[in-house]
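**Student:** Below you will find the structure I want to go over with you.
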Amino acid sequence: MLNRRSKRRYIAVRCDKFVKADNGNGIYNSGFALSLTRRVAELYGFIVAQKSSIRDIGNNDNTIFVIRCNLNFLPIVLSAIPLLNPPALVLLISGTVKRLRMNLKKPSFQILKEENKCRIEKPI
């Protein structure tokens, strides 16, 4: 039987209030993956947290973090992300870092140019 490498998924997460550590390697040692691993360990146990193999890949700006996890544990990781303190938002999920970064550059929604479409009218 072949010993195959496990498949991974890359997740772009936005967390506005998370402060990254400045210890020389600030891009890769942001601490976001560590806090996510702790949350997964609190919810599902230490063994599941280690098997999910959450790693920090980098960050775009200071608010969007890119993390890597095992495909088999993706639902567990996705359920733990909104439960972080401060809460985070999943933006994109991809199989490769290259495609994830390309999709982050694209506008994911159309900007409404007219203000009337943005307003919610109050009932009379």
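**Student:** Do any strands (runs of 3 or more DSSP E) entirely within the stretch 1-102 hold 1 or more residues that are modelled with pLDDT of 90 or more and of a type in the set (S, T, Y), and if so, which?
**Tutor:** Values: elements: 8-14, 55-60, 64-70, 89-94.
The strands (runs of 3 or more DSSP E) meeting that bar are 8-14, 89-94.
**Student:** Can you name every residue in the stretch 79-89 that is under 15 Å from L34 (Cα atoms) and among the aliphatic types (A, V, I, L, M)?
**Tutor:** Correct list: A80, I81, L83, L84, A88.
**Student:** Would a scan of the stretch 96-108 turn up a residue that is under 14 Å from L36 (Cβ atoms) and either crowded, with 17+ Cβ neighbours inside 10 Å or basic (K, R) (or both)?
**Tutor:** no
**Student:** Taking only pairs six or more apart or across chains, which ones have beta-carbon atoms under 6 Å, a first residue in the stretch 37-66 that is under 17 Å from A12 (Cα atoms), and a second residue that is of a type in the set (D, E, K, R) and surrounded by 14 or more Cβ atoms within 10 Å (Cβ to Cβ)?
**Tutor:** R55/R68; I57/R68; T63/R14; I64/R14
The values are calculated or read from the model by the stated rules, or taken from the named source; none is laboratory data. None of these values were measured; they are calculated from a predicted model. So basically every Cβ, Gly included, is an ideal-geometry build from the backbone, and we count neighbours across all protein chains shown.
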